[in-house]
Every structure is written in structure tokens, then in C-alpha cells.
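*Asks:* Structure in C-alpha cells, see below.
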There are 4 protein chains.
Amino acid sequence: MIIYVEEKADPKQLETLKEWLDDIGVEVHSLAGKNGTILGLLGDTHKVDVEMIQGLDFVRKVVQVKEPYKSSNRTFHPDDTVLEIGNAKLGGGHFAAIAGPCSVESIEQICDIAKAVKEAGANMLRGGAFKPRTSPYSFQGLRKKGIELLLHAKQITGMPIVSEIMDIGNIAAFEHVDVIQIGARNMQNFELLKEIGRTDKVILLKRGLANTLKEFLMSAEYIMASGNEKVILCERGIRTFETQTRNTFDVSAIPLLKKMSHLPVIVDPSHASGISELVRPLALAAVAAGADGIMVEVHNDPEHALCDGPQSIKPDAFKSLMDDIKKVREVLF
Amino acid sequence: MIIYVEEKADPKQLETLKEWLDDIGVEVHSLAGKNGTILGLLGDTHKVDVEMIQGLDFVRKVVQVKEPYKSSNRTFHPDDTVLEIGNAKLGGGHFAAIAGPCSVESIEQICDIAKAVKEAGANMLRGGAFKPRTSPYSFQGLRKKGIELLLHAKQITGMPIVSEIMDIGNIAAFEHVDVIQIGARNMQNFELLKEIGRTDKVILLKRGLANTLKEFLMSAEYIMASGNEKVILCERGIRTFETQTRNTFDVSAIPLLKKMSHLPVIVDPSHASGISELVRPLALAAVAAGADGIMVEVHNDPEHALCDGPQSIKPDAFKSLMDDIKKVREVLF
Amino acid sequence: MIIYVEEKADPKQLETLKEWLDDIGVEVHSLAGKNGTILGLLGDTHKVDVEMIQGLDFVRKVVQVKEPYKSSNRTFHPDDTVLEIGNAKLGGGHFAAIAGPCSVESIEQICDIAKAVKEAGANMLRGGAFKPRTSPYSFQGLRKKGIELLLHAKQITGMPIVSEIMDIGNIAAFEHVDVIQIGARNMQNFELLKEIGRTDKVILLKRGLANTLKEFLMSAEYIMASGNEKVILCERGIRTFETQTRNTFDVSAIPLLKKMSHLPVIVDPSHASGISELVRPLALAAVAAGADGIMVEVHNDPEHALCDGPQSIKPDAFKSLMDDIKKVREVLF
Amino acid sequence: MIIYVEEKADPKQLETLKEWLDDIGVEVHSLAGKNGTILGLLGDTHKVDVEMIQGLDFVRKVVQVKEPYKSSNRTFHPDDTVLEIGNAKLGGGHFAAIAGPCSVESIEQICDIAKAVKEAGANMLRGGAFKPRTSPYSFQGLRKKGIELLLHAKQITGMPIVSEIMDIGNIAAFEHVDVIQIGARNMQNFELLKEIGRTDKVILLKRGLANTLKEFLMSAEYIMASGNEKVILCERGIRTFETQTRNTFDVSAIPLLKKMSHLPVIVDPSHASGISELVRPLALAAVAAGADGIMVEVHNDPEHALCDGPQSIKPDAFKSLMDDIKKVREVLF
């Protein structure tokens, strides 16, 4: 870490700062120039509260040379994390395809889709039970009942299941859920992250709509700092000025996250675009860019499916996509 | 609401849609053109699930003419909401100045600042007890102890207090807190919004970093739909490409929110900019644009204040700002 | 086009608007509701000045159902445009690889790189002569001299060349240049677009940093409306809050542009990311998403290349990328 | 400037870099640490090509401590620039109000509005002659004829005039125009900036839709480096995800630009919001935040004004705004 101190800094203040840094075990080297002083900090700078330092009025700039994330940092864990989820594996060359409906609606619906996506090549089943909706007047999901239906589909197909939690109060309902999803809107719900980090579940953490990759890894860090290192990172689009898509899918996040971290990186092309026609090209793009998996919304009965999102695809389109993903992975990896 | 249907739409599907809309009590008028059909929806369209309609593959576009928010909508409540908070009032011409430290640190610190900001013209005291921090390794606040210290300062000064809640599990600690703040990162923590809507506290809802004004009002709607109509809207900057400020303060949000809604609108210039020098110009700008109040970070002892944010100002700067706000309000309102 | 008129609209004003629309040959259908009137416009609505209509104070909303771009619109030209550029082809299944240095520096440099990229599989040579630099104190390119050096490399290798124009005053220097590039910062330099549309050169139009896909196609429309239909669209990243990459590469733009328009769509992964390590994954992602070509910065001598951008790759990395692109295209298209 | 060099850097490469920096007269101080070396650069670092240094593969990070803009930098010119434009003054406590129609349409229109805005308190007249329009099918302005009409209005009222140039080819038409405007879309049209910098006109430079304040000052620097120091900076909104306003008015830009630079800073609330109702609150906010002037669209005859933008206000609303601006300035400055 480098701290650039204003030339007008009071030597006494500077001394206090140095002592304080010394106290927390950080080595400080000074380089005095005409327009100020550069402090080079060596050692374990994770304990330094950057915002606090920046708050000092004699500090012009703080530059972090080392990344503020630790447990998720590839520098300290060069090997890919490989997660075992039921009979599926994810990371370190193992590709996962998570598919299922936007919302769990009925026992028939979820079981039919579960069988269809399994046959098409999926190895995990997703389904929304607790639904985050912008409007309080929109359908909020079947909630606990939805989880029960998912567990039924799990029993029938043998596929591990993925579902979103929205509040720590509902944790009991997720006892038999294999992967607990933290949605984009909760990426910085720090209390939820801390609590979920005390479970031994695999956590699928979605990137927030307006969060940088560093903040994304800091949220993974919250979970890992609580003791749970089984985290999947999921890129799902960020908010920009472009209105043609619901969000802008940030494909660069894949190679960057894989460089910054050892955690598996998957993508959700359905929510990233909000357009069913884009699911296929975005999924293929993500695979070509090195993603470890995809999570796709698949619905079964378009005729009556008044409740499926505009981003859902049909099982046959999903099967064709899975075939092409296999081909691309074969020639590239 | 207007639904634009593709020319290629199957008449049977179209009929199903019309029946479905009819069932929920919405009147449908058709206007057939060469390139498709326009459906004009009349009546209470709040029940229409817009995303669901947009998901139908024969629908080209859905245009909402009426706003999706209801309880917070000025159309249905032309008069400004006026909130009484302890001996302070907010809204409908009543201006509120909320001031205090970033974090509550000690009994001396919070009491000293409380007295200083009261003298300078504040009529509510703010102080962070539960602190949302990007890093799990940063100071997380004094938590329950912090609320106790705030209550002590309330007793001494008589000022109502404002503090942030991060999880519904801690609600008991806020029993004597006058205004419960929902932070920007929790603006779409829908479970928290629903629960807090069941309390009778005044809720200060901050706009999310990447949320539109419509989404902001939909979050207020969650609280109000649960029964609590005492909501304060707080603009605190949005995330943009500009890096000179921590966030971009969206001053247009003030007149727009006041036009869209009857709820009081305040601003937080400290967090919007992250720069103490900007607190004054941004606060004055907000007042000139019609804000009903400001929330400002004030610290007392810059010498030892290693823990104050770079956006905090001193009591004398706050006093000078309050004097100028009074002058501007006198000539404009 | 649909115009939603406020209920309070003066019938006289409404009549004037209808007459005015009638005069420009647009058919108007009215649908009166309780909260206003919906005007459905049929016929050639391209002549309707949308902003003007939106400016009328009795108009609540204007919704464009048809796209405002015409010549570039796939609806009216279902077949892909195929461009012949020297002995290269682009579009309609023909893939183009444009490679070369950031700036042309010397005869040796450009000729060496030209030979290297040709051997690696490029079929067009790029090189900056007129350089858009943020700072007036930075190197502005060899300008006319740079074009001459490029032409020399063209003669030696037989490859068509691509170079950026920054002002119509320099058009004479581009007489023998095969493809004239309009940079992102000039995407809405409308006078330049009009003038360049009067030439018979192939125009490579880059998307602006903060421009929507619609605006992008409207800029292509400027060139085409002047008579030149030989336009290549190039996605090169948009500006967002994320700072890890120079820009956010919008991979969704590829399938969307190809759906909206018949023009060839290429990408520039070098400038999109500003990071050499990302060139390969982003290029492969773009190819998998359906791009018709790539434009990549390649430099030759990293030891002395003080002037190459941080986004340049070496010829052998480019060759390996071209090999993998071929494989992906073989299995997908 | 600080250059952080990777630990794996080849000592030979490092030596070359140091020599190269030495050659351009920059003093280099090294501070070797365990994880790399910090180079502190002292002296006139304006000549250092930052992008080039960042391109070196052994460089981890370059931090600019000094700002890259020089002529516009307040550090080197502590006093406000005061511009004399006809009988108006701008900057250093002198407030300017520029008003007029979106487009010049006829001799009656421009003269009527000119008289009306002068009476209402404007001291400069604006009017669009060359119009940047997103669509080639929209009205492109009266062009040279429009400038002639403006000059007529200038003669009648004595007010200096402001109009936008879009291409250096039309410079002759601006011979008698007092202030030449560079629009947001041309902010980084570097060739235009260089050429306009060779004139002795006052230049009103608008901030680009997606440009940072640093880039904004670098564009001013282009004009000033060509010899013309009479530059006005104009904030007019930036592009964000919010769709309620056309752009997001960045009110923080006012105090920041005034701190960074000695040039006068004005705002354009009409284009920033695109909504006539927001002109008044945004203008007042800007004044309270310290703006040196405003530029407002005023139209005269709403009945027939099919061509005025949705952001125009009437003369009486402008007069009332000017009165309130005067009051706010009296109590604050």
C-alpha cells in the first residue's frame, strides 16, 4: 500500500500515523519529495482500514497495491477450487449446467422440467421459491412450499438443487437444498453473508447490478471469513445506460475473476440479458471466455406458461445449446 | 397500459390474453393495424404482471402509462406527507437537519457531537451502530452497544435519533430509536422492507446505488404495502463512470421524487460525494432544488478522529451551512 | 408509433397535431380512454420528428414501435451485407481478421508486423496514423506520413489497410486506404459522417463509449443516407462504473446488432478491455456469439516497444488465437 | 507520479525505463520492497506518456499524483479567469445568463425571443444554427442562414451571441459570433479542438455525455495548448442508467471543476434534464453550488412552437427564475 501525504502535512500528525501503522505490524518506508511524502507500506496490510486513512485531511491518495481480498485470492491459493455438489463437480475443468424454471409453480411443472433438463445435459436443477420482485404486488413465489416441490424433483431425478434465499430467517427451509443462492440485490447484505458463511452449504453468490469485481470478491470474502469456503461466483449482468438488454452482460468478468480468484465462475445469461434469443450466444460466449458453468432458465409449456420470464428457453433449445457447449469446450480446453 | 402485439400473433393466443386480462377486471380495447395490434388497457392495471406479459413471445412491447407505485403516488395523495418525529417535523414545508458522526464510538464522542450539532441547528441526531462495510476485516460498528450510546445522547439533548438497521434479527435493539434507516445496499432487501413495514417507526429509505427512481418508489411501496406509511426518501448518489466523487449526486431526483410522490425527500451529501469539501455546495444545491431535509456527517475532534470518514465536516462548518440554508429557504420558499 | 395524449389536452391542439401528421402522409387512429387518448400512427413514420412531438406539453409519451433506422435495418434487407475489400470478404459467413500495431512508427515496424500478422492469419492490416489522444501533450501519430508507410506495407503484403480518420480535412490522405475508420469519439460527429458517406470507401464505424445500439445504427444511417452503404459496425466496449477494465465489452451487442441490422459486425477486444491478457478470451467470446470479424492490436518487438499499448499482443499469441477462432467457427457455424 | 514495478521485473528493463525518464528531465527515486519496487517521479511529469508506461509488462500500476492538465489547472493560476464578452462578463464573481431558442427558425422568432430574454435578465443570446441530431432524417438547422439571423438579433438587442459549430469547415460563418460552442458529442473531436484553439473567440466547451472531469479539462487543454485561453466549461448532464431524465445532471461537477480549474463554469439545465419543469430547480441548485452562469432554452410562442424541445421554458418562467437566482446569489455570495 502506498500513502501519498500532502506537503503541508503536520510532522506530528505524520508521526502519529506512522506509529499507528507500526502498532498493527505494518512496516513503513518514507520517500520525501518536493510536493509531499510517499509512504510505502510493507507487510500484512489487510488490517489497514483504507477508508479511515483516506479520511485524514493530510492524506492526498491511498493506493492499494495488494488486493484487499485474501481467502478468495488466487495469489495465495494458485489451484482452482473444485466443488463437489451431489454427484456433480464444478471448477478445475469440471463444467456445470444448472437449469430449471424461473419460479417453481407446481409438482408437475417442476418434475417435468427437471426430467427434461436432465435429459438435455443439465447436472443441477434450479427453481425459484422465494422470489425477489421489484413490486410488492407481484407474485412472491411459493416460498417454503416451493422448496418442498424442488426437493421432490431432486428425489426423482437425483439432481442437486439450487434455490435463492432472501432472508436468514428462512434458513431452516434450505436444510436439504444443495446450493443456496444469494441474489444480486443481496450481494452486499452483509448480515446475510456472515450468517450463510456459518453454514456448510455451497453458496452461489451473484454479482450485484452495480458492483465492481473487487466488491464482488469482498462479498465472497465475507462468506469465507465466516468459515465457509464453498463459494461459486456468478456473473449476471451489470446496469449500464444501454436499454436494449435488461442488463449488460460483462463477459470480461469471467477471465478477470478467474485470474483474481481460485473460486469457480459461472454465468447466468438468462437474467443478464432478459431476452430468450440472447441466452444461446451469451452462454457460448461465456464458455469460450472460460466460464466453469452456466445457469439457464428453462420452461416446459410455452402455451400455458403465462408465468415464465421473457428470458426462458425451451428444453430442445437448451439441449442444442448444451451440445454446442460441449463442442466448443472440446476444441478449446 | 398499452400492449403492442406482433402481426404474426396467433388469434387464439390473443384471445387467451384478453380473457385473462378481463378476469382480473381490466378493460381491453383493440386497435388493429397493418403491422400488429395495439391493446389499450383501462381500469386498475396495478394487478397486471408486466414482466409476465412481456414474456409472451407474441408481445412486442408493453408501455406503462400509469405508474406502478400506488401508496407513494402523489396522484392519489396530492398533499405532502408531514411526519412528526419527536419534537421535529419533516415535509410539507418543514425542513429537517439530521447530523452526527459516521460511527458511534464512545459516550463522550456521541454526546459531545450531539450537543454541538443541536446548537448548530440540527433537529435530529444520526449515528452508525450497525455499519455496512465492504470488507469483513473493517470495523463493523459497536452494534447494540452503539444504539445504547445513541439513546443516551437522545436523553441528554432531547433530539430524536436515526440509525441504520441491517437485518431484521436486530429489530429489538431499535425499540426506542425514532427513525430506522434502510441503507442503499438494502434498498431491495425485500424481506427486510416487508418486516420493517410492520413496525410503526419512521423509516428513512436510502436510494440504491444503481436504482432508478421508479424502483426507489417501489421499495417505499413494499414498506407502505405492509402498513407503515411513514417513509422518508433519501437521495445519496448513484454509481456512474465518474471517479472524482465516490458517487454522482443526482440532484434532479429531488424535484422528480417530489412530483412523483407525496413523501418527504431528503439528501445525504456526505455519502453522495465522499468528500467533505462538497458537503456544503451539494447541501445548498439540494435545498435550492426543493429538498425537505439534509443528513450530514459531523465529527468533533479532527485531531484524534482516525475513524471519521473523509466526508465528515466539523461542527462550525455545519453551523455555517445551516445558517446559509436558512437564508436560501427564506428567499426561495 | 403510438402517441399518448394527456386527458387535459385542448381539442384544438390535438386537431392541429393530427392535421400536421396527416400532411406528412401519416395515418392517425384515435382511441379515447378515461385518462387520455391513444393515437396510433400508421404508414411511413420515419418523417415524424419524435423529439418535437415529445416537446408538446399535452403529449405524455411517444412510443416508437418501428425502429428509426431504415437503410441499416434488417427488416427491409433480410440478407447479410457482404463487403469485398481487396481480396478479403466480410459478412454473410466471411470472417475478417484485422491486425496491426496501435501506431505506425517506422517503415521497418509496420512492414515487419504486416508480414507477421499476414502469416498468422490476418487478412487486413490496421495501423494508427492520425491518433486520437486524450492529452494534447501525447504523441499524435505520424499523420500523413503514417498513411504512406501503411500503403507501403499494403504493397509488400497485398493486404488491404484500415486506418482512422479524425477530420474531413484530411480525406485526401486516405485516397488509397481501403477501409476508413471512424473512432468511438467521433461516432456522433455528424458532419464527418455525412461527408464520409459521400465517398465510396468501406467505413468501419466504432460504437461510441456511451452510445446505445440504436444511436449506433442511427450513425450508420447518416453514412448510408449520404449514399455509402458499405459500413462495418464495430463493438469496442462501453463506459461503465467498473474500473478493472478500461471499458466494458458489450458482447450482447453482437447478436443484437446482427438481428437489428444486415451490416457486418466486428469487435475490437484490444480497446474494449485495454488489457492484453483479455484479448484472447474476449475475441473467442465474440466469435462464439457470432461476430463477423475481429480487429486486434499486434506489436512485434516487446523489448523496445515503449510505444505499444498495454492491450497489444505478440504475433505468436495472435496466431494461436486465429487457430482457435477457426476451430470454434468450424464447430459452431 | 508513482510507478509500481513488479518484483519479477528484469533489472535491465528497469534501467532502460529509468534512463528514458532521465532523458526527458524527470528525477527518479527508487524504493525497493519485498513485492516490487516503487519509483517516485519528481519534476515536470507532464511529458511522461502514462499509457505508454502502463503498457510495459513489468509495470503493475502508475499513479498520477499531479494532474495531467496544466493551462487550465488552478494550482498554477490561482485567480479566477474573467472573460469579457461584448458588454457581458463571466467568471470571478460575474454571473452570465445565456438564453434563447433551441433552433433559430425565422427572423421574427429569434428577434422576439432575443428581446424577451434580454428584458428578463439574460445578457447573452443563444440559438442553434448547425444542429447535431441523432437522426439524419431530422431537421439539421438553418445552418449559415441561422447564424445570419442570430447576428441580426445581436444588432437589435446588443447582446453577444452563442452558437454551436460542428465542423471546422464552417468556421467562416462564425466570424461575428461572440462565443463558439463545442457540443457534448464533439468534446473529444480533437482536430476541431486544436483548430478552434487557433481562433481568438471565446469557446464554450460542453462536457461529453460519458466523460470524466479530467477528460473534460484535457479537452480544454487542447484548446488552450493551441493558444486560446478563453474557455468556458459547461456541465450538461452525463449518461447513466436512470431513464427518468435524459441525462443525469452532475451538480458536483461545479464545485469540483472550480477547485481543479480557474476557468468559468456554467451549466445547461435544459439539456441536462430534457424536461422543462426541471430547468428551474436545476438552475437554482447550480447557482447555490457556485456556478458562474446558466444557459437556458427559452421559446416564445408555445401555441405554434412545434419545433421547440421538451426542455424549453417560456420567457415569464425565465424571468421568475432570474429573479430567484439574483436573490440566492445575494444571500450566498
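*Asks:* If I filter the range B:112-128 down to residues being touching a residue at least 40 places away in the same chain (Cβ under 8 Å) and assigned to a loop (DSSP other than H, G, I, E, B), which single residue comes out as nearest to residue A:53 (Cα to Cα)?
*Replies:* Filtering the range B:112-128 for residues that are touching a residue at least 40 places away in the same chain (Cβ under 8 Å) and assigned to a loop (DSSP other than H, G, I, E, B), the one nearest to residue A:53 (Cα to Cα) comes out as B:122.
*Asks:* Being within 16 Å of residue C:290 (Cβ to Cβ), of a type in the set (A, V, I, L, M, F, W, C) and either in contact with a Pro (Cβ under 9 Å, 6 or more places away or on another chain) or more than 10 Å from every other protein chain (Cβ to nearest Cβ) (or both): is that true of residue A:279 here?
*Replies:* The answer is yes for residue A:279.
*Asks:* Looking for something more than 8 Å from the chain's Cα centre (by Cα), among the aromatic types (Phe, Trp, Tyr) and closer than 20 Å to residue D:208 by Cβ - is there at least one such residue anywhere in the range C:218-225?
*Replies:* Within the range C:218-225, one or more residues are more than 8 Å from the chain's Cα centre (by Cα), among the aromatic types (Phe, Trp, Tyr) and closer than 20 Å to residue D:208 by Cβ.
*Asks:* A follow-up question, please. Please identify the pairs in which a residue from the range A:313-324 that is of a type in the set (A, V, I, L, M) has its Cβ atom under 6 Å from the Cβ atom of a residue that is in a helix (DSSP H, G or I), counting only partners at least 6 apart or on another chain.
*Replies:* Taking only residues 6 or more apart or on different chains, the pairs are A:313/A:276; A:313/A:279; A:321/A:280; A:321/A:283; A:322/A:120.
*Asks:* Name the residue that is surrounded by the most Cβ atoms within 10 Å (Cβ to Cβ), counting only residues in the range B:226-242 that are within 14 Å of the chain's Cα centre (by Cα) and under 21 Å from residue B:283 (Cβ atoms).
*Replies:* B:234
*Asks:* Still on this structure, please answer the following. Pick from D:305, D:285: which is in contact with a helix residue (DSSP H, G or I) (Cβ under 9 Å, 6 or more places away or on another chain) and at pLDDT 95 or above?
*Replies:* D:285
*Asks:* Return the residues of the range A:243-284 that are touching a strand residue (DSSP E or B) at 6+ places or on another chain (Cβ under 6 Å) and open to solvent by 10 Å² or more (accessible area, probe 1.4 Å); say none if nothing qualifies.
*Replies:* A:258, A:276
*Asks:* Could you run through the range D:159-174 and say how many residues are open to solvent by 20 Å² or more (accessible area, probe 1.4 Å), more than 11 Å from every other protein chain (Cβ to nearest Cβ) and among the small types (Gly, Ala, Ser)?
*Replies:* Qualifying residue count, the range D:159-174: 2.
*Asks:* Of the residues that make up the range A:213-228, is at least one aromatic (Phe, Trp, Tyr), away from chain B (no Cβ under 12 Å) and either touching a residue at least 24 places away in the same chain (Cβ under 8 Å) or part of a loop (DSSP other than H, G, I, E, B) (or both)?
*Replies:* Within the range A:213-228, not a single residue is aromatic (Phe, Trp, Tyr), away from chain B (no Cβ under 12 Å) and either touching a residue at least 24 places away in the same chain (Cβ under 8 Å) or part of a loop (DSSP other than H, G, I, E, B) (or both).
*Asks:* Would you pick out the residues in the range D:254-282 that are hydrophobic (A, V, I, L, M, F, W, C), over 16 Å from residue D:204 (Cα atoms) and in a helix (DSSP H, G or I)?
*Replies:* D:256, D:260, D:278, D:279, D:282
*Asks:* Name the residues in the range A:135-145 that are out of contact with any Gly (no Cβ under 8 Å at 6 or more places or on another chain) and either closer than 14 Å to residue A:103 by Cα or open to solvent by 40 Å² or more (accessible area, probe 1.4 Å) (or both), would you?
*Replies:* A:137, A:138, A:139, A:140, A:142, A:143, A:144, A:145
*Asks:* I'd like to verify a number: residues in the range B:61-72 that are over 17 Å from residue B:21 (Cα atoms) and not hydroxyl-bearing (Ser, Thr, Tyr), how many?
*Replies:* 2
*Asks:* Report the residue count in the range A:146-158 for those that are open to solvent by 40 Å² or more (accessible area, probe 1.4 Å) and of a type in the set (A, V, I, L, M, F, W, C).
*Replies:* Count: 2.
*Asks:* Sort through A:323, A:292 and tell me the only one that's acidic (Asp, Glu) and open to solvent by 20 Å² or more (accessible area, probe 1.4 Å).
*Replies:* Exactly one residue qualifies, and that residue is A:323.
*Asks:* State which residue pairs qualify: first residue charged (D, E, K, R) and inside the range C:78-100, second residue open to solvent by 30 Å² or more (accessible area, probe 1.4 Å) in any location, beta carbons under 8 Å apart, and separation of 6 or more residues or different chains.
*Replies:* Close Cβ pairs satisfying both conditions: C:79/C:92; C:80/C:92; C:80/C:93; C:89/C:82.
*Asks:* Would it be correct to say that residue C:109 is away from chain D (no Cβ under 14 Å), in contact (Cβ under 8 Å) with a residue 60 or more places away in the chain, farther than 30 Å from residue D:69 by Cβ and among the polar types (S, T, N, Q)?
*Replies:* Spelling it out, residue C:109 is indeed away from chain D (no Cβ under 14 Å), in contact (Cβ under 8 Å) with a residue 60 or more places away in the chain, farther than 30 Å from residue D:69 by Cβ and among the polar types (S, T, N, Q).
*Asks:* I'm checking my understanding of the structure. Among residues of the range A:201-212 that are away from chain B (no Cβ under 13 Å) and without any contact (Cβ under 8 Å) to a residue 60 or more places away in the chain, which one is nearest to residue C:247 (Cα to Cα)?
*Replies:* A:205
*Asks:* Is it the case, given these coordinates, that residue D:62 is more than 8 Å from chain C (Cβ to nearest Cβ) and in contact (Cβ under 8 Å) with a residue 60 or more places away in the chain?
*Replies:* Against the criterion (more than 8 Å from chain C (Cβ to nearest Cβ) and in contact (Cβ under 8 Å) with a residue 60 or more places away in the chain), residue D:62 qualifies.
*Asks:* Can you name every residue in the range D:188-200 that is in a loop (DSSP other than H, G, I, E, B) and within 8 Å of chain C (Cβ to nearest Cβ)?
*Replies:* Those that are in a loop (DSSP other than H, G, I, E, B) and within 8 Å of chain C (Cβ to nearest Cβ): D:188, D:189.
*Asks:* Which of the residues spanning the range B:155-170 are of a type outside the set (Gly, Ala, Ser), over 30 Å from residue B:191 (Cβ atoms) and in a loop (DSSP other than H, G, I, E, B)?
*Replies:* Listed by number, the list holds a single entry, B:159.
*Asks:* Does residue C:47 satisfy the condition of being farther than 30 Å from residue C:269 by Cβ, within 11 Å of another protein chain (Cβ to nearest Cβ) and under 33 Å from the mean Cα position of the chain (by Cα)?
*Replies:* Considered against the rule, which asks whether it is farther than 30 Å from residue C:269 by Cβ, within 11 Å of another protein chain (Cβ to nearest Cβ) and under 33 Å from the mean Cα position of the chain (by Cα), residue C:47 comes out as yes.
*Asks:* Could you figure out which of (1) at negative phi; (2) open to solvent by less than 40 Å² (accessible area, probe 1.4 Å) isn't true of residue C:100?
*Replies:* Evaluating residue C:100 over (1) at negative phi; (2) open to solvent by less than 40 Å² (accessible area, probe 1.4 Å) leaves (1) as the failure.
The values are calculated or read from the model by the stated rules, or taken from the named source; none is laboratory data. All figures in this text were calculated on a predicted structure; none of them were measured in a lab. We place every Cβ from the backbone using ideal geometry, glycine too, and count neighbours over all the protein chains shown. Quick note on the areas: whole protein, heavy atoms, side chains included, nothing else; ligands and nucleic acids left out. Shrake-Rupley method; radii C 1.70, N 1.55, O 1.52, S 1.80 Å.
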